[in-house]
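K.L.:
The structure under discussion is supplied below as structure tokens; questions concerning it will follow.
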């Protein structure tokens, strides 16, 4: 049975109250018209982790804050839903011990950890190389992965000696012009190393290697303690109990900010020293400052009067690379617990056991391009899984196409070649009373929940200071 991506989007967008999908006790519809009560110190546009963090922190500082979210839920590109008896994240999932901002928030609110089955109880390593399937021990698979990845990411410490201060050294300029494909081509690797590294690089950028900047590969490795195995653990080992929505709900419920869901913003208009924020269904609100905490790909969809910088708009239209697929598949039987990987042009470049139940397991998989795999096509998913685990029977599967979601227009962030040098400083720069935040423009873990929290926290501090002066 094949379900269209747009039908899936429509159904999921209408979902409510599943881990971060609703804000309790807050308005969920836009105002009919502007009134004196519709003037705020700060209006935050976008209810992902960056927006929720900033709104909370500003409200803690005594600022009258309104958060406007286009969807009927909070979370942005994180999305906790239900599948096969588990709360799974169709967007956003794992956090790592080298990610200080999300780890601190988890501890602040007492959110527990769960561990991916492939890490907790590994039994098999599988990789596709040279057109063949290879099955090895988990230890041998880790050894092969590390040997190639360390060669690919060797300049990480040179490029980013201080990973959370990306402009500390200008050494990054040596690498920013390279695509991941060019960097890989320049290396002398064995066929297994090359195929494994190509799949790893493709899933990091969630796209094809020619599109993905090599510099961001080095940045991720630097953040992961300069070790590809540590990086992979930060990307895939620990998830939040109850899904990312559990942390999002805790942060939102702790906030004193007003939240309005189902309130897409269409325009931000400057009026002397204040701003008018226009909402799609009618009405507007006034504010002293606006924080744009929307995905970078979405920024160019908004109308600004007067316009924002040409560089910001160019960056939004150039787009980040994340545009691939993510799926969950329930497989019949509990054996084996596996980690599997394929080259960059396979429908799934990664697939591993995430949950093990009484008579089945749930595998999570990623691919570089929806054209290579429709995650809502059960037959296509069965074929993609069988390439790694012959004989595996897919009982059901689920996924979400973030590319057709108008409020995300893509998945997580990696930059294209030269994007970092051309745009990052400008994307972070305020313009008058307009401020910018989000995982896509973080200094640290760009493309991760940690980066979203870092960016939202920094923007809140910046806005509060500016309003004081």
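K.L.:
Which is surrounded by fewer than 17 Cβ atoms within 10 Å (Cβ to Cβ) and either in contact (Cβ under 8 Å) with a residue 24 or more places away in the chain or within 21 Å of the chain's Cα centre (by Cα) (or both), of 106, 133, 87?
P.N.:
On the way: 106 fails: surrounded by fewer than 17 Cβ atoms within 10 Å (Cβ to Cβ); 87 fails: surrounded by fewer than 17 Cβ atoms within 10 Å (Cβ to Cβ).
Matching residue, one of 106, 133, 87: 133.
K.L.:
Within the group 52, 42, which residue is in contact (Cβ under 8 Å) with a residue 24 or more places away in the chain and closer than 30 Å to residue 399 by Cβ?
P.N.:
52
K.L.:
One residue is enough: does segment 447-465 have a residue meeting the conditions more than 23 Å from the chain's Cα centre (by Cα), buried (at least 23 other Cβ atoms within 10 Å of the Cβ) and farther than 30 Å from residue 123 by Cβ?
P.N.:
So far as segment 447-465 goes, yes, one or more of its residues are more than 23 Å from the chain's Cα centre (by Cα), buried (at least 23 other Cβ atoms within 10 Å of the Cβ) and farther than 30 Å from residue 123 by Cβ.
A quick yes/no check of all residues on (1) modelled with pLDDT of 50 or more; (2) in a helix (DSSP H, G or I):
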site	(1), (2)
8	no, yes
15	no, no
19	no, no
24	no, no
28	no, no
51	yes, yes
81	yes, no
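K.L.:
Output the strands (runs of 3 or more DSSP E) that fall wholly within segment 196-301 and possess 3 or more residues being surrounded by fewer than 22 Cβ atoms within 10 Å (Cβ to Cβ), or say none. If you could, list the steps in order and put the result at the bottom.
P.N.:
Details: elements: 238-240, 258-260, 265-271, 274-279, 284-292.
It comes to 265-271, 274-279, 284-292.
K.L.:
Of all residues in segment 304-340, count the ones that are within 15 Å of residue 206 (Cβ to Cβ) and touching a strand residue (DSSP E or B) at 6+ places or on another chain (Cβ under 6 Å). Working first, answer last.
P.N.:
Residues of segment 304-340 within 15 Å of residue 206 (Cβ to Cβ): 319-327.
Filter again for touching a strand residue (DSSP E or B) at 6+ places or on another chain (Cβ under 6 Å), leaving 324-327.
Selection size over segment 304-340: 4.
K.L.:
Out of the residues in segment 152-163 meeting the condition of being surrounded by fewer than 20 Cβ atoms within 10 Å (Cβ to Cβ) and in contact with a helix residue (DSSP H, G or I) (Cβ under 8 Å, 6 or more places away or on another chain), tell me which one is farthest from residue 194 (Cα to Cα).
P.N.:
161
K.L.:
Another one. Given 207, 263, 180, which one is out of contact with any strand residue (DSSP E or B) (no Cβ under 9 Å at 6 or more places or on another chain), at pLDDT 95 or above and within 26 Å of residue 403 (Cβ to Cβ)?
P.N.:
Result: 207 is the single residue among 207, 263, 180 that is out of contact with any strand residue (DSSP E or B) (no Cβ under 9 Å at 6 or more places or on another chain), at pLDDT 95 or above and within 26 Å of residue 403 (Cβ to Cβ).
K.L.:
Would it be correct to say that residue 395 is more than 26 Å from residue 181 (Cβ to Cβ) and either out of contact with any helix residue (DSSP H, G or I) (no Cβ under 7 Å at 6 or more places or on another chain) or crowded, with 24+ Cβ neighbours inside 10 Å (or both)?
P.N.:
yes
K.L.:
Quick one: which residue in 400, 435, 415 is assigned by TED's automatic domain parsing to the domain that holds residue 48 and either buried (at least 23 other Cβ atoms within 10 Å of the Cβ) or without any contact (Cβ under 8 Å) to a residue 24 or more places away in the chain (or both)?
P.N.:
From the options 400, 435, 415, the qualifying one is 435.
The values are calculated or read from the model by the stated rules, or taken from the named source; none is laboratory data. Quick caveat: nothing in here was measured; it's all calculated off a predicted structure. As a convention, Cβ positions derive from the backbone with ideal geometry for all residues, glycine included, and neighbour counts pool all protein chains shown.
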